[in-house]
């Protein structure tokens, strides 16, 4: 019988959403191997995602190469590596450290078949459960407690920080995304906002500010543009204060699920079948509703996304019924 590891290195380089999705594995390793020391290797820019995670003992950061990093990692004498990225970089680290470890089924062939030929051989399994395949050999199991996201106290906001007409309840609407084909168009968002019972705060990065302005011009004081004003954890805090969240398939979608908020997720060129839909804790009463256009032969057109619709019509987003989206959100209010 193999010995129980005492010092474990988890590897996940990016992105915000993917890193949030690794948190159940972190928690279960720490709680189910209660003497284990948990280290986490990622990129420096993603530290805010896990900075307050109580189950991580030490962070390591990959920036511009392995030259300085590998000697430091070797000194730690890890006895198990959990590879939750599974690319050439993570493989290189595993081989150079020379300790036992495991990765998860990335299913790139199945994703390719779904994108290229519409053949769906993806298992009916969330990626969180696939991540647990990397630690199943240690006897670690998913405890069903969902995702973890802890907001630093310095970034916690209050309802009193909002405009007065937001203090009786509001929706959070995430308008950002890494790829344009995963973003609900501003005109569609404005159409939804116009049918909601309560005002909305628009969330995204500085690159989403112009889109947010376009929406607020169309909606007036029913929408408040927070894009580029709040950092990641402050945006998470506002999500926590909201009644429900409308979001694209992006990192804040997973943070909303981690905070156990009702979520309406809008899907464009990607599909929930890839296994990255919102993951609430087991038995959660917070609803998760997926809005997507089914039956389009061109969808999914990518497992990631594009700067513009390859077919030029962008029907996967443009055909989503704004009235239906608004009705679902309105039904989530207290």
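FYI, it's all coordinate maths here, none of it is from the lab. As the structure is a computational prediction, the values presented were derived from the model and not from experiment. Here the Cβ positions follow ideal geometry from the backbone for every residue, glycine too, while neighbour counts run over all protein chains shown.
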query = If you find the alpha carbon centre of the range 152-194 and of the range 3-57, how far apart are they in angstrom?
reply = 29
note = For 299, 12, 74, ascending order of other Cβ atoms within 10 Å (fewest first) is 74, 299, 12
request  = Multiply the residue separation of residue 141 and residue 290 by 0.36 nm, subtract the distance between their alpha-carbon atoms, and state the gained length in nm to one decimal.
outcome  = 50.9 nm
key: Cα→Cβ-extended label distance, 7 Å offset, between residue 221 and residue 96, nm   = 5.8
ask   = Looking only at the range 16-44, which residues have a backbone nitrogen under 18 Å from a spot 7 Å from the Cα of residue 281 in the C-beta direction?
value = 20-32
query = Counting each DSSP H run of 4 or more residues in the chain as -39500 (n - 2.57), what helix-only mean residue ellipticity at 222 nm follows after dividing by all residues, to the nearest 500 deg cm²/dmol?
reply = -8000 deg cm²/dmol
query = Which of 211, 222 comes first, and how do the rest follow, when ranked by fewest Cβ neighbours within 10 Å?
reply = 222, 211
key: residue 87-residue 313 pseudo-label distance in nm [points 7 Å out on the Cα-to-Cβ vector]   = 3.4
request  = Using only the alpha carbon atoms of the range 153-330, find the Kirkwood hydrodynamic radius as the inverse mean reciprocal pair distance, in angstroms to one decimal.
outcome  = 16.2
key: Tail fraction, Cα-Cα pairs, the chain, threshold 35 Å, whole percent   = 24
Cα pair distances in the range 191-295, grouped into 5 Å bins until the bin that holds the longest one, percent each = 2, 12, 21, 23, 21, 14, 5, 1, 0
query = Going highest first, how would you order 305-312, 182-189, 259-266 by mean Cβ packing within 10 Å?
reply = 259-266, 182-189, 305-312
query = In angstroms, what radius of gyration and Dmax does the range 7-138 have, counting Cα atoms only?
reply = 15.1, 47
ask   = Taking the DSSP beta bridges in the chain as the whole, what percent of them are antiparallel, to the nearest 5?
value = 0
key: FRET E, pair residue 52, residue 297, Förster distance 51 Å, beta-carbon r, rounded to 0.05   = 0.70
ask   = In what order do 76, 323 fall by count of nearby beta-carbon atoms within 10 Å, going from fewest to most?
value = 323, 76
